[in-house]
Every structure is written in C-alpha cells, then in structure tokens.
1. Before we move on, is GLU355 surrounded by 15 or more Cβ atoms within 10 Å (Cβ to Cβ) and either over 27 Å from GLN412 (Cβ atoms) or over 26 Å from the mean Cα position of the chain (by Cα) (or both)?
2. If you go through the range 134-152 one residue at a time, how many are of a type outside the set (Asp, Glu), away from ligand 1 (no atom under 16 Å from the Cβ) and not in a loop (DSSP other than H, G, I, E, B)?
3. Being more than 16 Å from ligand 1 (Cβ to nearest atom) and touching a residue at least 60 places away in the same chain (Cβ under 8 Å): is that true of ILE351 here?
4. Which one of the conditions (1) surrounded by 16 or more Cβ atoms within 10 Å (Cβ to Cβ); (2) more than 16 Å from ligand 2 (Cβ to nearest atom); (3) in a helix (DSSP H, G or I) does ALA330 fail to meet, given that it meets all the rest?
5. Say whether the condition of being without any contact (Cβ under 8 Å) to a residue 12 or more places away in the chain, exposed (fewer than 14 other Cβ atoms within 10 Å of the Cβ) and aliphatic (A, V, I, L, M) is met by at least one residue in the range 7-21.
6. Check off (1) away from ligand 2 (no atom under 16 Å from the Cβ); (2) of a type in the set (Ser, Thr, Tyr); (3) farther than 28 Å from ARG203 by Cα for SER295 and give me the number that stays unchecked.
7. Considering only the range 223-235, state which residues are away from ligand 2 (no atom under 16 Å from the Cβ) and either under 19 Å from the mean Cα position of the chain (by Cα) or among the acidic types (Asp, Glu) (or both).
8. Out of all the residues in the range 283-292, which are within 15 Å of ligand 2 (Cβ to nearest atom) and either in a loop (DSSP other than H, G, I, E, B) or touching a residue at least 60 places away in the same chain (Cβ under 8 Å) (or both)?
Amino acid sequence: MKNTEKMYKLAREIYASHGVDTEAAMAALKAIQISIHAWQGDDVKGFEETNHALTGGCQVTGNYPGCARNSDELRADLEVALRLIPGKHRVCLQAHQVDKMIPGVDRDRFSLDNYRGWLDWTKANKIGFDIAPAFYSHPKLDHGLSLSHPDPAIRKFWIDHGKACRKIGAKFGKELGTPAVVNFWAPDGYKDAPSDRYAARKRLMEALDECFAEKISDKYELDAVEPKLFGIGAESCTVGSADFYLTYAARKNVLVCLDSGHFHPTENIGDKISAICCQQGRLLLHVSRGVHWDSDHVILVNDELLGIARETVAYDYLDRIHICLDYFDASINRVAAWVIGARNMQKALLIALLEPRAEIQACEDAFDFTGRLALQEEAKGLPWCAVWDYFCEKNNVPVGGAYLDYIRFYEQKNLLARG
Ligand code: RNT
Ligand code: ZN
C-alpha cells in the first residue's frame, strides 16, 4: 500500500473519532468549482491590438518571462494549470482578453464574435465560463471615471460595454449549461476629495440600472457588483464603495462580490459572508491577498483564507457562493501562480470541510466557550494534509510539490521562448 493511502487510512480513523467523514469532505471539495482568473496569465493586459496600458488603479509588478500574448497562448497555459489542480473548474475572463478584434468595433459593441475561440475551448473542455467587463485600460476611462463620468457619451460607451458583456455571458451560459457570472467592477474614483461625490454616485447607480435593465435568466447569467476601498489614483473617494454596492445589490438583488483585498487590512471578509448570505443567500468572492494594500498577491493558506473558506462551507449556502480567484503576480511563473493559489484555496476549503463542527458547536450551544476555543485550536493539528494528498492522488494530479516539475518543463519548452 502506498504511503498516501496508509496516511489517509490513519487520518480517516482519527477524523472519524471526531465525528468527521473524510470521504464526504473530499466529495464536497470535488463539487466546488473554482473560477480561475485568466488575467493572471496576461498581467491584466488583454489582447486588443491597441494594447492599452493597465489603468484603473490596479498594478502588476514583475517581469517574469512567458506572459501570454494572445488567447491561444493563454488557453494553453490554462490547460497546463488545470491539469495540476484537482477537480473540474471554471475560467473567468476580463472582457479585453478577446480572441480577436473586429475592425471598427470597440468594447461598447463587443459580441460573441470576439470570443469564438473561448466558446469552442470551454465547450470542448466542458469548462464553465465567467466574464467581467473591463471598465479600465482604455482611453474612455477619462479622469478616472467610466460609468459615473459626467459626459453622457462616455457613460453610454461604458453602459453599452456592460450590456454587451451580459449578453456575451448569457450566450456562454446557454451553450455551456451553467450560468456565467458577470462581475461589474468600475475603477471610478478621485485622487483627492471631490466636490460632488453624491452626483458621481447617482450617475453610477443610474448607469448600472441601465446595464441591468434587460432581464436575463439566472439559468444563463448572474450579475455581480464589486465594491472597493480605493485604487492607485483613487485614494480619496471610490464611487463604487462597499456602502454603495451593498445597498445597490440588496435593492436590485444582484450578487455582491467581496474581494478580500478591497477592505481595510484589518477587515476579514470571512465575517461578511454570512451577513450577506443570511439575507441574499448568494455571493461572489474574489479571493486575493493584500500585503499592506490591495496588492493582489498569490493567496496563502493563512488565517484570512482559512476564515473565508470556513464561512463559505459551514452553512447551507455553499452551492450559491461563487469562488473566483483574483490576484496577479508577474514576478513568478504565471502558471505556477494559478496552481499554487488554486490548490491553496482547495486546501483551505478542505480544512474547513474537515472541521469537527459537531463537537465545537456543542460547546458553543452549552456556552462552554473554553471548550470551544480549545477544540478550535486542537482541530488545527488534525491530519488534513494526509487527506489532501490522497485527494490529489485520487484526482490524478501530482501530490505535494511534484507539480512544479511539470511547470518547469512547460516553461523550458514553451514559456521562455516568448521572452
Ligand atoms: C480590482 C478588482 C477587479 C480586478 C479585475 C482585474 O481591484 O479586484 O476584480 O482585479 O477586474
Ligand atoms: Zn476583484
């Protein structure tokens, strides 16, 4: 018997003594499809010929060789990553990651014709598809404003882009049999204190109302809105703040997108999940890691991620939480960034699924907070890694760090040639 199997059998017995079924935990983990963020693969550049510089208050640092230069390269890189992440997952695009541009057609008139390669690829690989309008890295992001810009013509351009992305997402959703999550994040904000933030917020609200006016079945498409605390160049006021979007989402019943880098560094979005889901029952997560600010570092199995994972799996809304990764690191191999981050997300989810919940809850129900704390801490020492290694083996992906060999081979064979 292999060591992984021996270790798993012992771990299974130990968890069973705490009332935890490791087979059920692995089955639940396998059912969680993580949306892999394609923009880690192209440094959030997109593939429009005009290769606009990255604006909108985000930043990608590093110049590791091998950045994808077109959608064919990006899909090839994603395929390598997906083969090293256990289970079946989804892919999320930024709208500027097109297969091709159509002469004379800008983002306000994008259609499925801009994404035919993505449609063929997701159908062939039976991969779910999500997309986000790109309200940034474009000349019409003017003075840092898009959907909330005072010029109606600029607003119309971005409203039409948002509408186009919803239609494109719905067509993917219909073809693939799983609704596309279409996440609206607009970078609108002010470097210094604006004179009229109320008017900007009214314009954003009215623009979003126009974007969402056309009713599209949840079977095909789900609308989400993503708040942010600040961006580079939008330090003093973000039009789409948390207060704005939490209110907007509740009023319009669209999904809130909680990005773990979009709140004050001391705020953990884990605590926000049940607050929203007990009322709206569904949510989009952008799982990221901020280091001092919304730096979009690769996620780690740290207390913040463990807290997010635990609040995601602990209740009856797991199947209505959409988990999308959102970080971009150009200082390391980009395929490795996807694999490390996705496997870390899965490890955190597995640890949460293996929590001896009944024992801990019994202490809380008895107001025995001593026992609760003690058991919560003791749970950290349970052999989750033996279950994780066995899960990887059962799902035909390399156990432990062995996936690195595949990535290094791919780098030598393909990535370095891109320069
Ligand atoms: C920006 C938001 C947004 C972006 C993507 C690239 O801080 O997190 O989700 O990461 O649109
Ligand atoms: Zn995000």
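1. Working: surrounded by 15 or more Cβ atoms within 10 Å (Cβ to Cβ): yes; either over 27 Å from GLN412 (Cβ atoms) or over 26 Å from the mean Cα position of the chain (by Cα) (or both): yes.
Yes; evaluated as a whole, the condition is true for this residue.
2. The qualifying residues number 1.
3. So ILE351 does not fit the description; no.
4. Single failed check for ALA330: (3).
5. Scanning the range 7-21, I find at least one residue that is without any contact (Cβ under 8 Å) to a residue 12 or more places away in the chain, exposed (fewer than 14 other Cβ atoms within 10 Å of the Cβ) and aliphatic (A, V, I, L, M), so the answer is yes.
6. Of the numbered conditions (1) away from ligand 2 (no atom under 16 Å from the Cβ); (2) of a type in the set (Ser, Thr, Tyr); (3) farther than 28 Å from ARG203 by Cα, the odd one out for SER295 is (1).
7. Within the range 223-235, the first condition is being away from ligand 2 (no atom under 16 Å from the Cβ), and the residues that meet it are 233, 235.
The one that is away from ligand 2 (no atom under 16 Å from the Cβ) and either under 19 Å from the mean Cα position of the chain (by Cα) or among the acidic types (Asp, Glu) (or both): GLU235.
8. Here is the first cut: in the range 283-292, the residues within 15 Å of ligand 2 (Cβ to nearest atom) are 283-290.
Matches in the range 283-292: LEU284, HIS286, SER288.
Each value in this text was obtained by applying a stated rule to the coordinates, not by laboratory testing. Keep in mind it's a predicted model, so treat the numbers as computed, not measured. Positions of Cβ are backbone-derived with ideal geometry, glycine not excepted, and every protein chain shown enters the neighbour counts.
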